[in-house]
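Asker: First the structure, which I've put down as structure tokens, then a few questions once you've had a look.
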Number of protein chains: 2
Amino acid sequence: MMPFPTKVQIKEVGPRDGLQNEKAFIETADKIALIDTLSGTGLDYIEVTSFVHPKWIPQLADAVDVLQNIKRHKDITYAALVPNSKGLERALAAGVDEVSVFMSASEGHNKANINKSIDDTFPILQEVVEGALAAGKSVRGYISTVIACPHDGYTNPEQVVYVAEKLFAMGVSEVSLGDTIGVGVPTQVDALLTEMLKQFRPEQLAMHFHDTRGTAIANIVTSLQHGITKFDSAIGGLGGCPYAKGASGNVATEDLLYLLHEMGIETGVDLEKIKQAALRMENLLGKQLSSKLVAVARGEES
Amino acid sequence: MMPFPTKVQIKEVGPRDGLQNEKAFIETADKIALIDTLSGTGLDYIEVTSFVHPKWIPQLADAVDVLQNIKRHKDITYAALVPNSKGLERALAAGVDEVSVFMSASEGHNKANINKSIDDTFPILQEVVEGALAAGKSVRGYISTVIACPHDGYTNPEQVVYVAEKLFAMGVSEVSLGDTIGVGVPTQVDALLTEMLKQFRPEQLAMHFHDTRGTAIANIVTSLQHGITKFDSAIGGLGGCPYAKGASGNVATEDLLYLLHEMGIETGVDLEKIKQAALRMENLLGKQLSSKLVAVARGEES
């Protein structure tokens, strides 16, 4: 185990990975207001929307509008999820800074999510990556179900290495490893990262934990011990779990910031501003979010 | 860091540390039913009530009734919190198996909670410990605010060592270290345990984490890395935080069991039975508890 890093980058995925799980449509203006608020918190990376077909994610049907109407800060990367060449065209036209492609480490989830086998998914992503790179955009690769799959059970770390190698070979600059269903524990994260770091450098990897079973923060600490310095999180812990209604989603940005700052790890992000934005998000959605820090703030105010 | 232990003991404190924070009185029969259910889950230690004066904790005014009417299992230790000699008399008369005494590592919290300085508290606890030992009962010592105090800020680990030494000198068999306000992070737990383990063996210590800011599970993993094998938790995550209404309380027993079992660490406790008991507790209290596993179970049932 190495000493903890002194600086960590937070990749805010709330506007995309968080909101895509909300049933009731959120007004485009409210999405833009959220992203504009996030742009003033010190974050330097925000995944703002998804160009997956609106048939699959109606909540993010306004992707172009959102991307075109947010106030851009020059030091912030505004990224969007892109499933295919058609989506890439729209994303590039709307002025995306970075493109995220995605697939799963497990056949069952990949099939359920993308309707293709893992090996049949690579050519589709290859096309997106080539197109994005040709347009001068960097590409991030999400790998889902890196710990376990709702269909196939535990994922073999070697399968994650296999998918990551293919993505890097395409020209992806970073891979984000997702515990999509939020089942992982530190020993599993340790096994995964031990295997991954035989092939890749810590800077090539980001970790993406869901807090469905309360283990996200512990898994992040284990990842820090492996030298990982990039983490995805969502303001308020937005996101939910498609497999259990009402269960927690992404690890909350403010809970992650609390952990890191108390550990003496810099992020450049203002915890207080994030907390206030999360409280406003609760009001907008009309429900309590799962973030612990928001619960404390709510209690202090009452 | 040592390898993770293979077996851990859970000390269930929900009926005491959990329920004492509930405002609305819970019927004695319901408390007894809860404890009887817990007795069938594989737990071998349950803190069932408190003999603090009912003026301070009206919720547990029925301590004698509870202790006398639960169905005792011979392999389970039924413990109760005892503040002074008067409380000890009642606890012994009611047939308690083990006595817990308590104080804080910080002057501010000790003063607020016990209305005495730390040094003036020792003689009172000494009397309780002597009385309990004379009656053939073992004694557990709680030390509160081991990471930080709501009045005094961060706690110096040396102050925790000082209080623990005094308690062990009295004849306490185990000390439970409480992050009472749930602010701790792994680096702080690491610093505390590094200091404590210079003086004491891991078997002499239990850790008692509140999940107020979502760090309890991570702190438990850090404690496991130090060889700690005893953890306090409360079914459902009962407990709340007196400093922030609605915030999370004790780490939930079922969330802790999930972590440990997935890490391959034995507890002897049936996670499914604990989860079912927590769901019934939610119905009884008429509100959602903060446990992540309960949220998943709720979602799967809906």
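Asker: Can you tell me the alpha carbon radius of gyration of region B:86-216 divided by the globular rule-of-thumb value 2.2 N^0.38 Å?
Answerer: The reported ratio for this selection is 1.04.
Asker: How far apart are the A:G171 label points across copies, placing each 7 Å from Cα toward Cβ, in nm, shortest first?
Answerer: Listed shortest first, these distances are 7.8 nm.
Asker: Tell me, what is a quarter of the convex hull surface for the C-alpha atoms of region B:12-55, in nm² with one decimal?
Answerer: Convex hull of Cα atoms, orientation-averaged projection: 3.2 nm².
Asker: Residue by residue through region A:23-35, which ³J(HN,Hα) values in whole Hz follow from phi under the Karplus form 6.51 cos²θ - 1.76 cosθ + 1.60 (θ = phi - 60°), with glycine and proline marked x?
Answerer: These are the phi-based 3J(HN,Hα) values: 5, 5, 5, 9, 3, 3, 4, 5, 5, 4, 4, 4, 5 Hz.
Asker: If you plug each phi of region A:179-196 into the Karplus form 6.51 cos²θ - 1.76 cosθ + 1.60 with θ = phi - 60°, what whole-Hz ³J(HN,Hα) values come out, in order, with x for Gly and Pro?
Answerer: 8, 4, 9, x, 10, x, 10, x, 5, 6, 5, 4, 4, 5, 6, 4, 5, 4
Asker: So what are the ³J(HN,Hα) numbers for region B:159-176, from phi and the Karplus equation (6.51, -1.76, 1.60; θ = phi - 60°), rounded to whole Hz, Gly and Pro as x?
Answerer: Ordered by residue, 3J(HN,Hα) equals 5, 5, 4, 4, 5, 4, 4, 4, 5, 5, 5, 6, x, 5, 8, 7, 10, 9 Hz.
Asker: Could you please tell me the mean projected area of the C-alpha convex hull for the protein assembly as shown, averaged over all directions and given in square nanometres to one decimal?
Answerer: About 25.1 nm², averaged over all directions.
Asker: Within a Cβ distance under 14 Å of B:D30, other residues only, what is the Lys/Arg minus Asp/Glu net charge?
Answerer: -4
Asker: Still on this structure: Kindly give Rg over Rh for region A:234-302, based on alpha-carbon atoms, with the Kirkwood expression for the hydrodynamic radius.
Answerer: Here the Rg-to-Rh quotient is 0.99.
Asker: Further question: What size of dipole, in debye to the nearest 20, comes out for the protein assembly as shown about its Cα centre when the only charges are +1 on Lys and Arg C-beta atoms and -1 on Asp and Glu C-beta atoms?
Answerer: About 620 debye.
Asker: Taking H placed 1.01 Å from N in the peptide plane, check which residues at least 5 places from A:S100 or on another chain put their amide H under 5 Å from its amide H.
Answerer: A:A80, A:L81, A:V82, A:R140
Asker: Provide an ascending nm list, one decimal, of label-point separations from A:A93 to the equivalent residue in each further copy; define each label point as 7 Å from Cα along Cα→Cβ.
Answerer: Label point to label point, same position, other copies: 8.4 nm.
Asker: Okay, next question. What whole-number distance in Å separates the alpha-carbon centres of region A:104-150 and region A:1-36?
Answerer: 21 Å
Asker: Quick one: P(r) of region A:1-113 from all Cα-Cα pairs, 5 Å bins, percents rounded to integers, in order of increasing distance.
Answerer: Reading the bins upward from 0: 2, 11, 21, 23, 18, 11, 7, 4, 2, 0.
Asker: Mind checking the log10 I(q)/I(0) for region A:90-131 at q = 0.17, 0.22 Å⁻¹? Debye, one equal scatterer per Cα, no solvent, two decimals.
Answerer: After summing over all Cα pairs, the log10 values are -0.52, -0.74.
Asker: Measuring from a point 7 Å past the Cα of A:T6 along Cα-to-C-beta, which residues in region A:208-242 have an amide N at less than 19 Å?
Answerer: A:224-230
Asker: How far, in whole Å, is the closest Cβ of chain B from the axis that maps B onto A, and which residue does it belong to?
Answerer: Whole-Å result, nearest residue of chain B to the axis: B:A218, 2.
Asker: Shifting gears a bit: Diagonalise the Cα gyration tensor of region B:29-78 and give the resulting equivalent ellipsoid semi-axes, square root of 5 times each eigenvalue, largest first, whole Å.
Answerer: 21, 10, 9
Asker: What are the label-to-label distances in nm, one decimal and shortest first, from B:Q288 to the same spot in the other copies, with labels 7 Å along Cα to Cβ?
Answerer: Nearest to farthest, the other copies are at 0.7 nm.
Asker: Calculate I(q)/I(0) for region A:165-274 by the Debye formula, one identical point scatterer on each C-alpha and no solvent, and give its log10 at q = 0.18, 0.20, 0.24 Å⁻¹ to two decimals.
Answerer: -0.91, -1.09, -1.35
Asker: Expressed as a rounded percentage, what relative contact order does region B:9-301 have, with Cα pairs under 8 Å and six or more residues apart?
Answerer: Result for region B:9-301 is 17 percent.
Asker: So, one more: Which value, in Å³ per residue, describes the convex hull spanned by the Cα atoms of region A:9-301?
Answerer: 116 Å³
Asker: Separate question: Would you give the gap between the C-alpha center of region B:158-182 and the C-alpha center of region B:70-92, rounded to a whole Å?
Answerer: What the calculation gives is 20 Å, centre to centre.
Each value in this text was obtained by applying a stated rule to the coordinates, not by laboratory testing. Because the structure is a prediction, the values reported are computed rather than measured. Here Cβ is always computed from backbone atoms with ideal geometry, including for glycine, and neighbour counts include all displayed protein chains.
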